[in-house]
Protein chains: 2
Amino acid sequence: MKDLSFDIAKRLPEGPGKHGRSGIIHTPHGDIATPAFIPVATKATVKTLTPEQIRATGAQAILSNAYHLYLQPGHDIVDEAGGVAKFENWHGPTYTDSGGFQVMSLGVGFKKVIAMDLADLTEKDIRAAKRERMAKVDEEGVDFRSIIDGSKHRFTPEKSMQIQHGLGADIMFAFDELTTLIDSRTYQEESVARTHRWAQRCLEEHDRLTRERYHRPKQSLWGVVQGAQYEDLRRQATRGLLDLDRAAREKGRRGFGGFGIGGALEKQNLGTIVGWVCDELPDDKPRHLLGISEPDDIFTAVEAGADTFDCVAPTRLARRGGVYTLDGRLNLTNARFKRDFKGIDEEFGGYVTENYSRAYLHHLLKAKEFLAGTLCTIHNVEFMVRLVDNIRAAINGGYYEDYRDEFLGRYYAASKAR
Amino acid sequence: MKDLSFDIAKRLPEGPGKHGRSGIIHTPHGDIATPAFIPVATKATVKTLTPEQIRATGAQAILSNAYHLYLQPGHDIVDEAGGVAKFENWHGPTYTDSGGFQVMSLGVGFKKVIAMDLADLTEKDIRAAKRERMAKVDEEGVDFRSIIDGSKHRFTPEKSMQIQHGLGADIMFAFDELTTLIDSRTYQEESVARTHRWAQRCLEEHDRLTRERYHRPKQSLWGVVQGAQYEDLRRQATRGLLDLDRAAREKGRRGFGGFGIGGALEKQNLGTIVGWVCDELPDDKPRHLLGISEPDDIFTAVEAGADTFDCVAPTRLARRGGVYTLDGRLNLTNARFKRDFKGIDEEFGGYVTENYSRAYLHHLLKAKEFLAGTLCTIHNVEFMVRLVDNIRAAINGGYYEDYRDEFLGRYYAASKAR
């Protein structure tokens, strides 16, 4: 079975911080045409959907969480089942993240800090966030408590690799430290250096496991770039990963098959930060931007050079009745939809619009029927997948800027007008 | 559009209380080959399933509840949507029940009384049941409180017809009084007489509404036989409905298109009671047994002469991880399924068994993932539908008794052995 590889199809105009392109990631379980939106299957299920329903949205690959599957049901069980794709009956490419984000973000106060704009935080918020942090980082790894039962656990770079090899996804990520917007510059420097050393340990453990385990297709390890909002740290982190990759290959070992771009980002810096990283990265490896899904962020990140995207927002929002339309988001629990017999978005179309009315979805949401979550999730995933598919088609067709301006102009104008 | 009609295909050996047969119910939205299991779509959704998933189980028709849809979203909204089938995107025959069962059963203590065996009830249970009864019956109708918000409502036979015409199902039921096992013989007599008068009012209101409303296919009203465990009352109730039907037709009005058999029944009397009713009923009209789904009950009822069955048990059970197999029921939340990589029932097969392991379903249930309910529901509905399909094939093929003995022998032997 061949290693993962990447071909570029077409490029947007290039320049500093501008590296947009379309392409194809070839994985052992199929191709991913990029740019692509990758739905999140946290616990080996895109919440509420069967694999057939996921496939019908147009999704090409799905991403599961090492953290969640380690805690429940245990990566050993997923391994015995034949890996996460077989376990969840997904016949296509899979990603797993490293657990780095989750072990450090799933404390309540901490979550708030990474989600909010820095300027909105009070001193009290910051103190609460630091107090409630559930994870403790040292040079070797991270101690954390389970969100399920509060039990104590420890992740190290090696442990993350072992878990992700058990899960057996086509694409996996190096174990990194997630910092926050409230950490000091000094701490960010220390953290980037530590994440670099962890990436080295991930490469070594991945190489060892790949040689020892021959029963699963070759997995591709992607390095993760941190460095918060600092240009020098982001560039240094990226070059550091490339050094590690080169050194590994010189020893005849496996290097990085691609790169992830992580960290808590303020929305207004997103494009700039992704641009710094992509200035440094080579052209021939795919780049995944972790945890982003607002339409404008996706356009920004594509232009800067990101190829794939995942985010729980479209599915999480859907279960509460929030749905995307070409004219911005609607909340179907709103009473004004009680007698609205149109589909969600007649112009966008799609399975849910073509088969169900807003009034029916409103009824299901009010009655707390499971099917509400399923149908709204199908719609939102289809919306996001097709949005990114359209971006790809626009790059390939040479009309990217027109598509972007038309889409965003309408999406946000309508949101503001509402 | 043609009225509902019924053709008999083949009969089991006949005798007193034995009127088993296979056949086809022709409805404006398609045929139902009988015997048939009809999944329940309480609030215009078979909980957790899309219409495509319902169809894939082999289900031919679904049954919704007038009570629930009256309260939420309101039958007027379903009416505006074009009727319940269009509202829920179901392209096939539909049933609605009258609300009679729900208005009188959805008080907590009362529910217990109709669900339990009479012998298990203490005096305290009975007092609690009477106190907690949420409905008050008089000659004109029933006052009850909403299970959603406790608000006061009133159903009459006319109101039930108006609601069911708004819902627009192919098959609807006359509004009846549900009695309980603890009611006195005198009360049962009064109740049967009242249900008879209500059936007459239903026929008249149905006739009026059918003449006034020409925008929906002709709906078929089925009379409901009550009479509890008393042979004379059951036979009298049945003959009474036939008298009403005859009188209506003599006046050139619409009569009953079929019959429902209702009431709280003790399991051991089920076949006997259905047999009394079917002794009286004509051959050429279909018979629906309301709310029955245990496999042995279905065989018993088919032999006595029932054609179709509905029950919430397969779907309700599924959402808690209870699944049917040829060797009895399993509860997939049990820890012994944690590493069980077989399908639910390799011999039975079906979509869920062929695509997912017990270990995966156990994981989804433990993680409280929505997909657990969806997959277990698909399995149970497919199991019940196919069981009744197999009964039909066995009647048509002349091997009914062999099939019954083999199925039940294995199903219950294994349940006991476990």
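Read the figures in this text as sums done on the coordinates, not as results from a lab. Remember, predicted model here, so these are calculated numbers, not experimental data. When we count neighbours, we look across all protein chains shown, and the Cβ atoms used for this are built from the backbone with ideal geometry, even at glycine.
Descriptive notes on the structure:
- Nearest-to-axis residue of chain B, judged by beta-carbon position, where the axis maps B onto A, in Å: B:370, 3
- Placing R0 at 45 angstrom, the Cβ-Cβ distance between residue A:266 and residue B:339 gives a FRET efficiency of 0.50 after rounding to 0.05.
- In plain terms, the residue of B:225, B:352, B:137 with the fewest other Cβ atoms within 10 Å comes first and the most crowded comes last, giving B:137, B:352, B:225.
- In the protein assembly as shown, a dipole from Cβ-located charges (positive for Lys and Arg, negative for Asp and Glu) runs towards its positive end, and of B:242, B:224, A:33 it is B:224 whose Cα lies farthest in that direction.
- Equivalent ellipsoid of the stretch A:155-197: semi-axes from √(5λ) of the C-alpha gyration tensor, largest first, are 26, 10, 8 Å.
- Applied to the stretch A:139-148, the Karplus parametrisation 6.51 cos²θ - 1.76 cosθ + 1.60 on θ = phi - 60° returns per-residue 3J(HN,Hα) values of 4, 7, x, 9, 8, 8, 10, 4, 6, 7 Hz, with x for Gly and Pro.
- Position residue B:239, label points 7 Å along Cα→Cβ, spacing to each other copy in nm (shortest first, one decimal): 10.2
- Farthest towards the positive end of the charge dipole of the protein assembly as shown, among the residues B:135, B:66, B:353, is the Cα of B:135, using unit charges on the Cβ of Lys, Arg, Asp and Glu.
- Cα-based shape type of chain A, given that a ≥ b ≥ c are square roots of the gyration tensor eigenvalues and the cut on a/c is 1.5: rounded
- Relative to the dominant Cα principal axis of chain B, helix B:370-397 is inclined by about 70°.
- For B:41-52, mean number of other protein chain Cβ atoms within 10 Å: 5
- Compactness of the protein assembly as shown as Cα Rg over 2.2 N^0.38 Å, two decimals: 1.09
- With its label point defined 7 Å out from Cα along the Cα-to-Cβ axis, residue B:190 lies at 8.2 nm from the matching points of the other copies, in increasing order.
- Taking label positions 7 Å along the Cα-Cβ direction at both residue B:149 and residue A:208, the computed distance is 6.3 nm, reported to one decimal.
- Converting phi to 3J(HN,Hα) with the Karplus coefficients 6.51, -1.76 and 1.60 and the offset θ = phi - 60°, the stretch A:261-271 yields 10, x, x, 6, 10, 7, 3, 5, 9, 3, x Hz in sequence order, with x at every glycine or proline.
- The Cβ shell under 10 Å around residue B:92 holds other residues with a net charge of -1, Lys and Arg each +1, Asp and Glu each -1.
- Computed on the Cα atoms alone, the convex hull of the stretch A:164-268 gives a volume of 98 cubic angstrom per residue.
- Within the listed set A:76, A:243, A:402, the Gaussian network model of chain A (springs between alpha-carbon atoms below 10 Å) gives the highest mean-square fluctuation for A:402.
- Spin-label pair residue B:283/residue A:5, simplified geometry with 7 Å Cα→Cβ offset, distance in nm: 7.4 nm
- Take each residue of peptide A:351-358, count the partner chain Cβ atoms within 10 Å of its Cβ, and average: the result is 3.
- Ordering of B:297-303, A:27-33 by packing [mean C-beta count within 10 Å, highest first]: B:297-303, A:27-33
- Considering only B:325, B:315, B:122, the Gaussian network model of chain B with Cα springs below 10 Å gives its largest mean-square fluctuation to B:122.
- Computed on the stretch B:330-418, the Cα convex hull volume stands at 89 Å³ per residue.
- Comment: the Cα-to-Cβ extended label point of residue A:211, at 7 Å, lies 9.2 nm from its counterparts in the other copies, nearest first.
- For the pair the stretch A:384-411 / the stretch B:179-246, the C-alpha centres are spaced 62 Å from each other.
- Under 10 Å, Cβ to Cβ, from residue B:377 - net charge with Lys/Arg +1 and Asp/Glu -1: +2
- Environment charge of residue A:310, counting only residues whose C-beta is closer than 15 Å and scoring Lys/Arg +1, Asp/Glu -1: -1
- Cα gyration tensor shape of the stretch B:28-95, rounded if a/c is under 1.5, else prolate or oblate by comparing a/b with b/c: prolate
- Under a 5 Å amide H cut-off, with hydrogens placed 1.01 Å from N, residue A:225 pairs with A:260, A:261, A:262 among residues at least 5 apart or on other chains.
- Cβ charges +1 (Lys, Arg) and -1 (Asp, Glu), total dipole of chain B, debye: 1060 debye
- Averaged over peptide A:366-378, the number of partner chain Cβ atoms lying within 10 Å of each residue's Cβ comes to 5.
- Rounded tilt (10° steps) of B:123-132 against the dominant C-alpha axis of chain B: 60 degrees
- Value of [θ]222 nm, deg cm²/dmol, for chain B, DSSP H segments ≥ 4, -39500 (n - 2.57) each, nearest 500: -14000 deg cm²/dmol
- Around the Cα centre of the protein assembly as shown, unit charges on the Cβ atoms of Lys, Arg, Asp and Glu (plus for the first two, minus for the last two) sum to a dipole of about 1220 debye.
- Subset of A:47/A:338; A:47/B:47; A:47/A:285 violating a 20 Å alpha-carbon distance limit: A:47/A:338; A:47/A:285
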